[in-house]
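Participant: I am attaching a structure below and will ask some questions about it afterwards.
The values are calculated or read from the model by the stated rules, or taken from the named source; none is laboratory data. Everything numeric in this text was worked out from a predicted model, so none of it was measured. Every residue, glycine among them, receives a Cβ derived from its backbone with ideal geometry; neighbour counts consider all protein chains shown.
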Amino acid sequence: MIAPIAGAPEGVLAFRAVGKVDAADYENVLTPAIEAAAAEQGKIRFVFELGPEFDGYSAGAAWEDLKLWTPHLRSWERCAVVTDKGWIKDAIRVFRVVMPGEVKVFAAGELDAALAWAAGKA
């Protein structure tokens, strides 16, 4: 499941993954939020927290994740990922070179720092 994180700074989309994330989470939550931010603000500043309660992605969710970036490549400004999961950090390290905008990984417990960075305040 993907749920919004309350209290995000203005102009920052912030979400938390809990349990197993599937394609419907992208289709019903993330994709509409990304589309709206790109249309209304022309830029996307995004924080995604994958904490200890995150159990992984379904195959469909992994595909939706790849599709999430491409329609608005020039709109992505900053993407902060908050996690202590090694495989997520490794994947970001590998794919960072093809990901649009700035991408930064924050350790679990650094959500406030990630939100501030995404907002351009850090």
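Participant: Is it the case, given these coordinates, that E77 is among the charged types (D, E, K, R), modelled with pLDDT of 90 or more and farther than 18 Å from D90 by Cα?
Facilitator: When the stated conditions are applied, E77 passes them.
Participant: Right, next: Checking A108 against (1) out of contact with any helix residue (DSSP H, G or I) (no Cβ under 9 Å at 6 or more places or on another chain); (2) surrounded by fewer than 16 Cβ atoms within 10 Å (Cβ to Cβ); (3) of a type in the set (A, V, I, L, M, F, W, C); (4) free of Cβ contacts under 8 Å to residues at least 40 places away in the same chain, which test does it fail?
Facilitator: Among (1) out of contact with any helix residue (DSSP H, G or I) (no Cβ under 9 Å at 6 or more places or on another chain); (2) surrounded by fewer than 16 Cβ atoms within 10 Å (Cβ to Cβ); (3) of a type in the set (A, V, I, L, M, F, W, C); (4) free of Cβ contacts under 8 Å to residues at least 40 places away in the same chain, A108 violates only (4).
Participant: On to the next question. Can you pull out every residue in region 21-48 that is surrounded by 16 or more Cβ atoms within 10 Å (Cβ to Cβ), under 22 Å from G60 (Cβ atoms) and not β-branched (V, I, T)?
Facilitator: Within region 21-48, D22, A23, D25, Y26, L30, A33, F46, F48 qualify.
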